[in-house]
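Participant: Dumping the structure here so I can ask a few things about it.
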Amino acid sequence: MKTIKGISEIMFYQNDLKLSKFLNLNSGSLLDLYEDLIQNQSERLFVLESVEEIFIDKKRVTVNCIDSPIEKSNNYILYLYEKLEHSNITLDLNSSKLLPDKIEVSPISREIFEDRDLLCFSEYKIFESGNELDVFLESESYGPSVIRQLYIKGEEDTLYNIDLLNDNIDEELEAIKEMIG
């Protein structure tokens, strides 16, 4: 296993939102729903901390971003994500002795990541001297949450946000309910 610097992980959940169910939530049930969805139905996304480069065992590795289309929907969509304080990202080289020199990532284009300058991806390819390697990233995160966000994408792509680490969850929830209800 080779240690990677410059990539971390978040847990991410996305699904269509049943507006009637959301409008009946209070802050306690919202936090319970968040915990359940992040723990049981979320997916892991990797986050590039710098778009230009990462380091694998102190070797500089070039990052190439492949554009992906922005997803459009006419439904209300619920997005949740959480980042813990520490992430250990490693590269399992299988039996290969080669150290990669390039990684290609397909960033997930969602406006919810733009407010925090997060470049997130789940799909990637890793290369050494132009040859794709049969290797994969592994991750482990631990520590307290440093980001816990809920977003609702509404009509005309309006975004509503609640910072679930904030003490004003009740007020933010009620304000969103008034705007979309």
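Participant: For the chain, take the longest principal axis of its alpha carbons; what is the angle in degrees between that and the long axis of helix 27-40, to the nearest 10 within 0 to 90?
Facilitator: Approximately 30 degrees, to the nearest 10.
Participant: What label, among (i) 123, 42, 36; (ii) 57, 33, 23; (iii) 52, 26, 26, belongs to Cα extents along the principal axes in Å computed from the structure on display?
Facilitator: Among (i) 123, 42, 36; (ii) 57, 33, 23; (iii) 52, 26, 26, the one calculated here is (ii).
Participant: Using the charge dipole of the range 2-180 (Lys, Arg: +1 at Cβ; Asp, Glu: -1 at Cβ; taken about the Cα centre), state which of Asn88, Val47, Leu164 has its Cα farthest towards the positive end.
Facilitator: About the Cα centre, the residue reaching furthest to the positive side is Asn88.
Participant: While we're here: If you take the beta carbon distance between Thr3 and Glu174 as r and set R0 to 45 Å, what does 1/(1 + (r/R0)^6) give as a FRET efficiency, to the nearest 0.05?
Facilitator: The formula returns an efficiency of 0.50 here.
Participant: Further question: Can you give the extra length, in nm with one decimal, that the chain gains between Glu128 and Ser27 once fully stretched, where that is 0.36 nm per residue apart less the Cα-Cα distance?
Facilitator: 31.4 nm
Participant: Which angle between 0 and 90 degrees, to the nearest 10, do you get for helix 169-180 versus the longest principal axis of the chain when only C-alpha atoms count?
Facilitator: For helix 169-180, the angle is close to 70 degrees.
Participant: Next question. Among the aspartates and glutamates, select those whose C-alpha is under 12 Å from the C-alpha of Lys58, and discard any that sit fewer than 8 residues away in the same chain.
Facilitator: Within reach: Asp101.
Participant: Moving on. Which pairs in the list Lys5/Lys153; Lys83/Lys153; Lys5/Lys125; Lys18/Lys125 are over 27 Å apart, alpha-carbon to alpha-carbon?
Facilitator: Check vs 27 Å cut-off fails for Lys5/Lys153; Lys18/Lys125.
Participant: Please compute the net charge surrounding Pro100, taking Lys and Arg as +1 and Asp and Glu as -1 over other residues with Cβ under 9 Å from its Cβ.
Facilitator: Residues near Pro100 contribute +1 overall.
Participant: In the neighborhood of Ile89, defined by Cβ-to-Cβ distances under 15 Å, what is the net charge if each Lys or Arg adds +1 and each Asp or Glu adds -1?
Facilitator: -2
Participant: Then there's this: With an 8 Å Cα cut-off and a minimum separation of 6 or more residues, compute the relative contact order for the range 2-180 in percent.
Facilitator: For the range 2-180, the relative contact order is 26 percent.
Read-outs throughout are calculated quantities, based only on the coordinates presented, and are distinct from any laboratory measurement. Every value quoted in this text rests on a predicted model; they were computed, and no experiment measured them. Neighbour counts are summed over all protein chains in view; Cβ atoms, including those assigned to glycine, are modelled from backbone coordinates with ideal geometry.
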